[in-house]
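For reference, the structure discussed in these notes is given below.
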Amino acid sequence: MKKSRVVDCYVAIRRVCIPYIPGLLAFREMYLLVPAVLRIINRYCVDLMLVDGHGISHPRRLGIASHVGLAFNKPSIGVAKKRLIGKEVIRNGNHFLEYKGEVVAAEVRTPRGGRIFVSPGHLMELHIAVSIVKRLFKYPYKLPYPLHLADSISKASKKLRTPSETLKVVKCPTSLDLSL
DNA sequence: GCGACAG
DNA sequence: ATCTTGTCGC
């Protein structure tokens, strides 16, 4: 398969004003996510969105990954480090999360043996989501590379910024070492 | 009523 | 998420 590369990167900065409540993560992060995503949408042909958080493996099948995909009308995939809802079940030797009789997420093995939960967001099917996430791993990172980079960038920017009340969207380096 | 609970 | 020491594999 063709080698992929990071083309562009942006980070939205502002002091958060909504608390984290399980099941309502989108309310806390969407107003930061949207401005940053718009920078990408306005300049590139986007055909898939990876989101750090659950997709349909959510109490109302509307995790932040589903929410973002729906907002921009793009296929989306949810990648979460921890379970939110559902019970673990085994189908054909693979582990999944089942909620109210429906398989809503797959448990995927990371390069170092850990596990993450992959769920369909918008316009997406579980097995497609899993196959895509698997080819985006980059040893030894726990998250598929695009999300690892995003996570790293957000933490780095939080360290050297003074929390402001006004939203700022800043362009970022597309390589990991330059971001630290 | 009690425990669970993405980031 | 964040805090935080030592420890293990590559």
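The figures follow:
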read-out	value
Too-long pairs where the Cα-Cα distance tops 23 Å, listed order kept, from A:Lys3/A:Lys138; A:Lys82/A:Lys142; A:Lys100/A:Lys138; A:Lys2/A:Lys134; A:Lys142/A:Lys171	A:Lys100/A:Lys138; A:Lys142/A:Lys171
GluC sites (Glu not before Pro), loop per DSSP, at most 13 other Cβ atoms within 10 Å - longest free stretch of chain A	A:1-124
Kirkwood Rh in Å, taken over all unlike Cα pairs in the range A:26-79	11.1 Å
Proximal lysines relative to A:Lys168, as straight alpha-carbon distance under 25 Å, when same-chain residues fewer than 8 apart are discounted	A:Lys74, A:Lys155, A:Lys158, A:Lys159
Relative exposure of A:Asp8, A:Asp52, A:Asp47, A:Asp151, judged by other C-beta atoms within 10 Å (fewest first)	A:Asp47, A:Asp8, A:Asp151, A:Asp52
Local electrostatic count, A:Arg39, Cβ distance below 11 Å [Lys/Arg +1, Asp/Glu -1]	+1
FRET efficiency, 1/(1 + (r/R0)^6) with R0 30 Å, evaluated for A:Thr162 and A:Ile132 via beta carbons	0.20
Kyte-Doolittle mean at least -1.0, axial Cα span of 15 Å or more - DSSP H helices of chain A	A:25-41, A:145-159
Cα-based Rg and Dmax for chain A, where Dmax is the largest Cα-Cα distance (Å)	16.2, 50
Gap separating the Cα centres of the range A:124-179 and the range A:26-44, nearest whole Å	13 Å
Global geometry of the range A:65-159, whether rounded, prolate or oblate, following the gyration tensor of its Cα atoms and the 1.5 cut on a/c	oblate
Helical contribution to [θ] at 222 nm, DSSP H n ≥ 4, -39,500 (n - 2.57), averaged over chain A, rounded to 500	-8500 deg cm²/dmol
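The numbers here are math on the coordinates, done by the rules we state, and not lab data. Source: prediction; values computed, not measured. Reconstructed Cβ throughout: ideal geometry from the backbone, glycine too, with neighbour counts over all protein chains shown.
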